[in-house]
Amino acid sequence: MPPRLEISKNLIWLQDLRSRSLDNQGIDDDQERAAVKTFLKLTIVGLILAGVSATSFALDKAKARAMFDNNGCASCHQPAETLVGPSLKDIAKRYKGQKVVGEVASRIREGSEGRWGDMPHPAMTTLEPADAELLARWILTGAR
Ligand code: HEC
């Protein structure tokens, strides 16, 4: 056999080998679909986990409402009408857009006088500071 032909035969053999090994490594359609599905599932699981951790940082409205009910706040504060103290709606309106959670929380705990009228808000130091803060946050974001 002349050397040229020999070389081209070898080349063809090499090419064939390469394409066969690519086929072996290669992903067929089913595998690709399975991989995409797995990827999507992992993405969804990730999003759910992110959502769960986001809600654990979110305002615990149910807890805030229960504390409001159990600490006698409602005997002076109503959602929309002025009673002994300002309505929750008016408080949220007055401080809208202001970063006052800390101040309002300490007035809930330590008492307040003269900001809304003549009636004082009693000191309620039995409330934990963190609970007063939760109440302040809840009221300032609309008490819903
Ligand atoms: C005895 C009646 C009374 C009770 C009980 C009461 N408050 Fe008040 N509260 C008031 C009055 C009166 C004011 C207005 C005080 C002032 O003019 O500074 C006020 C003011 C507030 C304010 C506005 C403070 C500010 O920075 O302007 C918040 C918030 C508040 N109260 C939340 C609460 C919460 C939460 C509770 C229950 C843990 C509660 N209050 C219990 C009478 C009361």
Worksheet entry | Total residues in the range 88-100, condition touching a helix residue (DSSP H, G or I) at 6+ places or on another chain (Cβ under 9 Å) and either under 14 Å from Leu127 (Cβ atoms) or within 10 Å of the ligand (Cβ to nearest atom) (or both) | 5
Worksheet item: Are any residues in the range 78-99 hydrophobic (A, V, I, L, M, F, W, C) and under 12 Å from Arg137 (Cα atoms), and if so, which ones?
Response: Leu88, Ile91, Ala92
Discussion item. On the basis of being part of a helix (DSSP H, G or I) and modelled with pLDDT of 95 or more, does Ala50 make the cut?
Written reply: no
Worksheet item: Could you say which residue among Ala123, Ala66, Ala74, Ala136 is small (Gly, Ala, Ser) and exposed (fewer than 13 other Cβ atoms within 10 Å of the Cβ)?
Response: Ala66
Practice prompt. Would you mind telling me which numbered condition in (1) under 25 Å from the mean Cα position of the chain (by Cα); (2) under 18 Å from Arg144 (Cα atoms); (3) of a type outside the set (D, E, K, R) Val100 fails?
Written response: (2)
Item to complete: Filter the range 108-119 down to the residues that are within 6 Å of the ligand (Cβ to nearest atom) and farther than 17 Å from Leu140 by Cα, then identify the one that is surrounded by the most Cβ atoms within 10 Å (Cβ to Cβ).
Response: Met119
Discussion item. Quick check on the range 77-93. Is at least one of its residues surrounded by 15 or more Cβ atoms within 10 Å (Cβ to Cβ) and within 24 Å of the chain's Cα centre (by Cα)?
Written reply: yes
Worksheet item: Looking at this structure, is Asp69 in a helix (DSSP H, G or I), in contact with a strand residue (DSSP E or B) (Cβ under 9 Å, 6 or more places away or on another chain) and of a type outside the set (A, V, I, L, M, F, W, C)?
Response: no
Practice prompt. Could you please tell me which pairs satisfy a Cβ distance under 7 Å, a separation of 6+ or placement on different chains, a first residue in the range 70-99 that is outside the structural domain of Thr126 (by TED's automatic domain parsing), and a second residue that is assigned to a loop (DSSP other than H, G, I, E, B) and among the aromatic types (Phe, Trp, Tyr)?
Written response: none
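The values are calculated or read from the model by the stated rules, or taken from the named source; none is laboratory data. Remember, predicted model here, so these are calculated numbers, not experimental data. Methodologically, a virtual Cβ is constructed for each residue, glycine included, from the backbone with ideal geometry; neighbour enumeration extends over all protein chains shown.
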